[in-house]
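The structure appears below as C-alpha cells.
The values are calculated or read from the model by the stated rules, or taken from the named source; none is laboratory data. Owing to the predicted nature of the structure, the values given are computational and were not obtained by experimental measurement. Because the Cβ atoms are built from the backbone with ideal geometry, glycine has one as well, and the counts that use them run over all protein chains shown.
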Amino acid sequence: MPTPRIEIHLGKIIHNAKILKKLYNSRGIDIVGVTKAVCGNPIIANALISSGIKILADSRISNIKKMRNANVKAQFLLLRTPLLSQVSEVVKYADISLNSEILVINQLSTLAIELNITHKIILMVELGDLREGVLPTDLAYTVKKILKLKGVELVGIGTNLACFGGVKPDERNMGDLSAIAESIEDKFKLPLKFISGGNSANYDWFISTKSVQRINNIRLGESIYLGCETLHRNPIPGLFTDAFTLIAEVIESKTKPSMPYGEICQDASGNTPEFQDQGPIRRAILGIGLQDVVVSGLTSLIDIDILGASSDHLVVHTKKTALKVGKELAFQLNYAALLSAMTSPYVIKKMLPNR
Ligand SMILES: *Cc1c(COP(=O)(O)O)cnc(C)c1O
C-alpha cells in the first residue's frame, strides 16, 4: 500500500464522539464537533454527524466550504474570529461565528443584510488565556452595539482557555462566564442560547465540578480524535487513543556511525546539530519528513529512537530491530502531528472500515 499514509479508524472516532456526547449531555452540556485537526475532512465530519453531533466547527472558512460542498448535513460554526478580508465568505458559508471585534461584526451585519440572511454571533469573552475575547469590562458596551445591528443575531457568549496561555478551566473562570451570561440576560432581556465554556481542556473541570452552572456548550476536537483531555494529555476512560495511525516506509537500512564526520555546520532546518558517539548503530531512513508531519509529535509503536528529520527523510536508530527496506513502521500522533498529517497533501488518508 502507498505511504506515507494516515490510517483513520472511523469506528473509533464515532465511539469516542458518542461517549463524550453522552457524558457532557448528562449534565446539560451540548457538544460541537471541531474538524480543524482533520482539515475539515468530509468523511470524518459525517462520522461526527452519525454520532449525533449537530454543529460542526472549524477555524478555516475553506474547510467549512469543503464540508458544505460535500453536502455534510450540519450547522457550521467558524471558530477563529473572522478575518476582515473574509467576511463575505463567512456569512455565505458559516451559520455561526465566534467574534470579538465590533468592526468585524458590523461588516458581517452589512453583508448578511445584502444576502438577506441572519448570521449568528457568539461573543467571545477574555477570561485570562489572552487569545481572543472582549474584556469583561467592555462586554455590555459591545453587546449594546451588536443589538442595534440588523442581519446578525447575538446567540451566545463563549470563552477559550488553555490554548495560548495554558490557563486551566476551573470553578472561578467558569463561574465568571456563568455570571456574565446572567448579567447580560438580565440587563438586555436576552436569553443566550449558547454559553460555550471551552474545549477539550474543560474535561477535568467538568468531571470534578459540583455544578456546571450556566455552561451549556463545549467545542471538542482533540478529545474526540485522540481520546485524551488536554491539560495533562491523560486518556479519558472508555475512549480510544489510537483512532489514527501514521505509516511510513523504510527506504534505507544500514549500520553506520552514530557521529557525523567532517566539519559540522548548519543542518537542513538551520540548526547546528549535536550527536553523542555510541559507536556504529543500526540506522534506518523512512520516507517521511517535515513536509508530511510535525515529526516531534510522533511516537513509534516499536522500540526505536527518532534521531532527526529533514523535509523528506526521517532518520531513526532502530536499536535491536533490523529493518528491511520496504518495511512499514507505525506511529501514534499527538495533536500537532495529527493536524499536520491531515493537512499535508503528501499524506494519503486511508479510512479503515468500521469495527
Ligand atoms: C481549536 C479550538 C477548539 C477545539 O479545541 P480542542 O482542544 O481540539 O478540543 C475549540 N474552540 C476554539 C476557539 C478553537 O480554536
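Name every residue in region 106-125 that is touching a strand residue (DSSP E or B) at 6+ places or on another chain (Cβ under 7 Å), surrounded by fewer than 19 Cβ atoms within 10 Å (Cβ to Cβ) and of a type outside the set (S, T, N, Q), in order of residue number.
Of region 106-125, the ones touching a strand residue (DSSP E or B) at 6+ places or on another chain (Cβ under 7 Å) are 108-109, 112, 118-125.
Restricting the remaining residues to those that are surrounded by fewer than 19 Cβ atoms within 10 Å (Cβ to Cβ) gives 118.
Once the filter is applied, which keeps residues that are touching a strand residue (DSSP E or B) at 6+ places or on another chain (Cβ under 7 Å), surrounded by fewer than 19 Cβ atoms within 10 Å (Cβ to Cβ) and of a type outside the set (S, T, N, Q), region 106-125 yields nothing.
Looking at region 199-220, which of the residues that are within 15 Å of the ligand (Cβ to nearest atom) and β-branched (V, I, T) is nearest to the chain's Cα centre (by Cα)?
Filtering region 199-220 for residues that are within 15 Å of the ligand (Cβ to nearest atom) and β-branched (V, I, T), the one nearest to the chain's Cα centre (by Cα) comes out as I218.
Look at I157 and say whether it is away from the ligand (no atom under 16 Å from the Cβ), of a type in the set (V, I, T), over 17 Å from the mean Cα position of the chain (by Cα) and over 20 Å from L226 (Cβ atoms).
No, not satisfied.
Being under 11 Å from R60 (Cα atoms) and crowded, with 21+ Cβ neighbours inside 10 Å is the filter here; which residues of region 82-92 pass it?
Taking region 82-92 first, the residues under 11 Å from R60 (Cα atoms) are 82-83, 86, 89-90.
Those that are under 11 Å from R60 (Cα atoms) and crowded, with 21+ Cβ neighbours inside 10 Å: P82, V90.
Looking at the structure I just gave you, is N173 among the polar types (S, T, N, Q), within 14 Å of the ligand (Cβ to nearest atom) and assigned by TED's automatic domain parsing to the domain that holds I117? Lay out the reasoning, then the answer.
Details: among the polar types (S, T, N, Q): yes; within 14 Å of the ligand (Cβ to nearest atom): no; assigned by TED's automatic domain parsing to the domain that holds I117: yes.
Against the criterion (among the polar types (S, T, N, Q), within 14 Å of the ligand (Cβ to nearest atom) and assigned by TED's automatic domain parsing to the domain that holds I117), N173 does not qualify.
Does region 55-113 hold any residues that are in contact with a Pro (Cβ under 7 Å, 6 or more places away or on another chain) and part of a loop (DSSP other than H, G, I, E, B), and which are they?
Selection gives A70, V72.
I'd like to check which strands (runs of 3 or more DSSP E) are fully inside region 271-337 and have at least 1 residues that are within 16 Å of the ligand (Cβ to nearest atom). Talk me through it step by step, then tell me what you get.
Details: elements: 280-286, 298-300, 305-309, 314-317, 328-333.
Ranges flagged: 328-333.
Would region 45-53 turn up any residue that is more than 15 Å from the ligand (Cβ to nearest atom), touching a residue at least 40 places away in the same chain (Cβ under 8 Å) and outside any loop (DSSP other than H, G, I, E, B)?
The answer is no; no qualifying residue exists.
Given (1) more than 9 Å from the ligand (Cβ to nearest atom); (2) closer than 17 Å to N160 by Cα; (3) of a type in the set (S, T, Y), where does S223 come up short, assuming only one miss?
For S223, the exception is condition (1).
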